[in-house]
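Coordinate-derived values only; no laboratory data. In this text the structure is predicted, and so the values were computed from the model without any measurement. Cβ: placed from backbone, ideal geometry, glycine included. Neighbour counts: every protein chain shown.
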Amino acid sequence: MNKLYFPVEKVPVEDICPGYEHPSGINHAIVVTQPDGLKRVVQYCSEIYHLVPNEEVIPPFEAEISRFFKIEKVIRAHRYARFYVDFILKEKSILIAKNDTIFPKVRLVNSYDGSIRYQFLIGFWRMVCSNGMMGYEYEGIKSMHTPKLGKETSYETVMEMTSTFMAEASDIAEVYRELNDQPVKDWIMRIEEVTEETDFPSSLQEDVTARMQLELDSPDVDEATDWVIYNAFNYQLNHNEGLKAKESKREVFDKQVLDYLLKY
């Protein structure tokens, strides 16, 4: 079943609910036709909202980045409305711990429900447990859904950002090696401590604990360290759909967790 490419259109609300009055400025709807044939409204919007179909941005960017880097593509989609496409740059591997390797990546994000801006983010992909870690302190390019997007989008700035990150990736990853050099005896207490001392949502503490146990059950993880704990927290920022925080708040949570683990 195709997670990225299916019909999506912006239609007048009057076509969906004829004869009804609608809130001022909310005169259009974004309607997707899911692969199973079900039509679903994913957003109500104004006339100036510019729909950016995945077909217009993902294939051309993949073609562009493939000209310069050997890539592996990983797709994550939520309810046919939010899309995360990770382009893992396989040319540069960075060993953090025994059997624990990370690769630079570029993440392309798009949404049909208006919940996330169209954007490119730079980070790392961790191979253990397909963690897909982000590293939210890194540079990114974010854009509103306006007519300048789509086929007219220039990827020159994205490629410049990517090349710079590739050159600096090993140095940036040094903080993760520091975390790996910090073994943890009572990792459950360590998770509780980090949650209490940062703004990371306490409602996700059990999810972090469960993820940590999954990490430790992996044959590639030898012991509990602050590196593994960091990834248990970071995983929630990337994959937990129960976290409704905006991207800017996720950046704050990630940096707070990382800074705390490095200092205490």
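Note on residue 64 and residue 48: the model spin-label points, each 7 Å out from Cα along the C-beta direction, lie 2.5 nm apart.
The alpha-carbon of residue 98 sits under 19 angstrom from the alpha-carbons of these aspartates and glutamates, leaving out residues fewer than 8 places away in its chain: 171, 174, 178, 181, 215, 217, 220, 222, 223, 226.
Helix 187-197 and the long axis of the chain differ in direction by around 60°, with both axes built from C-alpha atoms. Report note on the peptides 176-185, 234-243, 118-127: ranked by the mean count of other C-beta atoms within 10 Å, highest first, their order is 118-127, 234-243, 176-185. Mean residue ellipticity at 222 nm, helices only, the chain: -11500 deg cm²/dmol; runs of at least 4 DSSP H residues each add -39,500 (n - 2.57), and the sum is divided by the number of residues.
Decide, for region 54-168, between rounded, prolate and oblate: order the square roots of the alpha carbon gyration tensor eigenvalues as a ≥ b ≥ c, take rounded if a/c falls under 1.5, and otherwise choose prolate if a/b is larger than b/c, else oblate. Prolate is the answer for region 54-168, as a/c is 1.5 or above and a/b outweighs b/c. Classify the chain as rounded, prolate or oblate from the Cα gyration tensor: take a ≥ b ≥ c as the square roots of its eigenvalues, call it rounded if a/c is under 1.5, otherwise prolate when a/b beats b/c and oblate if not. Prolate, because a/c is 1.5 or more and a/b exceeds b/c. The local environment of residue 43, defined by Cβ-Cβ distances under 13 Å, has a net charge of +2 under the rule Lys, Arg +1 and Asp, Glu -1.
Which lysines have a Cα less than 21 Å from the Cα of residue 39, not counting those fewer than 8 places away in the same chain? Of all the lysines, those that pass the test against residue 39 - Cα under 21 Å, at least 8 places apart if same chain - are 3, 10. Each of residue 167 and residue 246 was given a label point 7 Å from its Cα along the Cα-to-Cβ line. The distance between the two points is 3.3 nm.
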